[in-house]
Amino acid sequence: MPLRKRDRDNAAGLTRRDALAAAAGLASAAALGPALAAPAPIPFGSAAQIETFRADPRYRQALLTYCDVIVPMNDLKWEAIRHDRSRFDFSGADELVGFAERNGKALRGHALLWGEALPPWAREMSTRAEAERELVEHIETVVDRYKGRIATWDVVNEVIKFDPLEGGPMRDTIWQRLLGPEHVEIAFRTAARVDPKARLVLNDFNFEEGWPGTAERRRVALDICRRLKDKGIPVHGIGMQAHLYAENSLDIDGLQAFMVEIGKLGLDVEITELDVIDWKLPADAGTRDRAAASLVGSFLNAIVSVRRPKAIVTWGLSDRYSWIHDTFPRKDKAKARPLPLDADFKPKPMMAVLDRYRRGRA
Ligand code: 9MR
């Protein structure tokens, strides 16, 4: 049987790109330039919750099977490390960091400063000096402990006001009340001083929808990073949480313009907490899974076609365990299906979408 052209090229040891290059009259595939170069794989990962990690071997296995990156979901938060004011408790964080290290997984640290998940004593701080002293000591201690091991930090999480058009731009937190907008600088400056090689990220939610407040959120994120850079304070990336509401549409143009601006500032982008809020979708599981995969595909495609994220991280792996169940319960009481594996750890269509980026096929 005669070989088809593609098979002939393969048989001759030519790649598809060599064949394309030859057809274009070029000496080699390299001459095709970067536009047709195979896309670089984008590391994929998930946040891991310690209780589930300890209790469910299938969950640990899923982390091993699917993830290049692991993010302790809650164990690097103040609530976990600083529940006792007089000492630092790294027990949960160490367990997850050790698991990642033993298994050759990269780590993201989440998060050095956040207005939530604080122990009661931290919510009761009352002076500027106290807040600054605690914040600096916290970041020094935590970043130093994992120096050279946690490569990337969400230095500040959710510091932008929900709708900055309503008296923004900064979110009302204990840090903003006591330190003003300077809390962001203090956090980045301290993290950079302790681990100059760490990648330092501003992490926040809702950069992807079409309402005016979202456009303003994107503008504020860029503005904060620009100001840091102007002052010589290192910042390396913007983390997009991407808790995507299935019932809302994406602002593709706005997203792509955001990527261009991120690039102009010399920053990277990372997807840090991806999942799909499916509370308004129809009951049928297959319909929901296809809708979620399609939404994730459109979102990632819009971003990747302008700027390749440094990592894509989902906020959990299996529908069995997700914050969405409690926060966005469905009226029909059906379980939410926000993640790439189903409740029995079987890959869903969303995983196929993510896998394409992980393998450098998109
Ligand atoms: O999923 C996290 C949940 O288990 C915690 O109870 C909660 C408070 O610490 O935080 C959740 O994770 C949040 C993340 O840290 C920041 N972005 C929003 C996430 C969902 O609430």
Considering only G213, G316, G167, give the residue with the highest GNM mean-square fluctuation for the chain, with springs between Cα atoms whenever their separation is below 10 Å. G167
Roughly how tilted is helix 252-264, in degrees to the nearest 10 and between 0 and 90, from the longest Cα axis of the chain? 70 degrees
If a paramagnetic tag sat 7 Å from the Cα of E247 along the Cα-Cβ line, which residues of the stretch 270-310 would have the backbone N under 16 Å from that point? 276-284, 288, 292
Given labels modelled 7 Å from the Cα in the Cβ direction, how far is it in nm from E130 to R58? 4.7 nm
In the structure shown, do any of K197/K348; K77/K147; K105/K147; K105/K335; K280/K348 have a Cα-Cα gap over 26 Å, and if so which? K197/K348; K105/K335
Mean separation of Cα contacts under 8 Å (6+ apart) over length of the chain, as relative contact order %: 16 percent
Just to be sure I understand: with springs between alpha-carbon atoms less than 10 Å apart, which residue in A187, A198, A257 has the highest mean-square fluctuation in the Gaussian network model of the chain? A257
Expressed in nm to one decimal, what extension gain is obtained for the pair A38 and Q256 from 0.36 nm per residue of sequence separation less their Cα-Cα distance? 76.4 nm
Per residue value of the accessible surface for the stretch 252-292 (all protein chains in place, 1.4 Å probe), Å²: 37 Å²
Can you send over the carbon and sulfur percentage of the accessible area for the chain, probe radius 1.4 Å, protein chains only? 52 percent
Using a probe radius of 1.4 Å on heavy atoms only, what accessible surface per residue do you get for the stretch 125-198? Whole Å² is fine. 43 Å²
The chain, Cα convex hull volume normalised per residue, Å³: 177 Å³
Given N residues in the stretch 178-271, what is its alpha carbon radius of gyration divided by 2.2 N^0.38 Å? 1.13
Accessible-area value, E137, 1.4 Å probe, nucleic acids and ligands omitted, Å²: 80 Å²
Which residue fluctuates the most in the chain, going by a Gaussian network model with Cα springs under 10 Å, if the choices are V155, V136, V201? V136
What FRET efficiency would be calculated for the residue pair K264, S305, taking the C-beta separation as r and a Förster radius of 22 Å, to the nearest 0.05? 0.85
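The values are calculated or read from the model by the stated rules, or taken from the named source; none is laboratory data. Just so we're clear, the structure is a prediction, and the values are computed from it rather than from any experiment. Note: ideal-geometry Cβ built from the backbone for every residue, glycine included; neighbour counts use all protein chains shown. The area values use the complete protein model at the heavy-atom level, side chains included, leaving out ligands, DNA and RNA. Shrake-Rupley method; radii C 1.70, N 1.55, O 1.52, S 1.80 Å.
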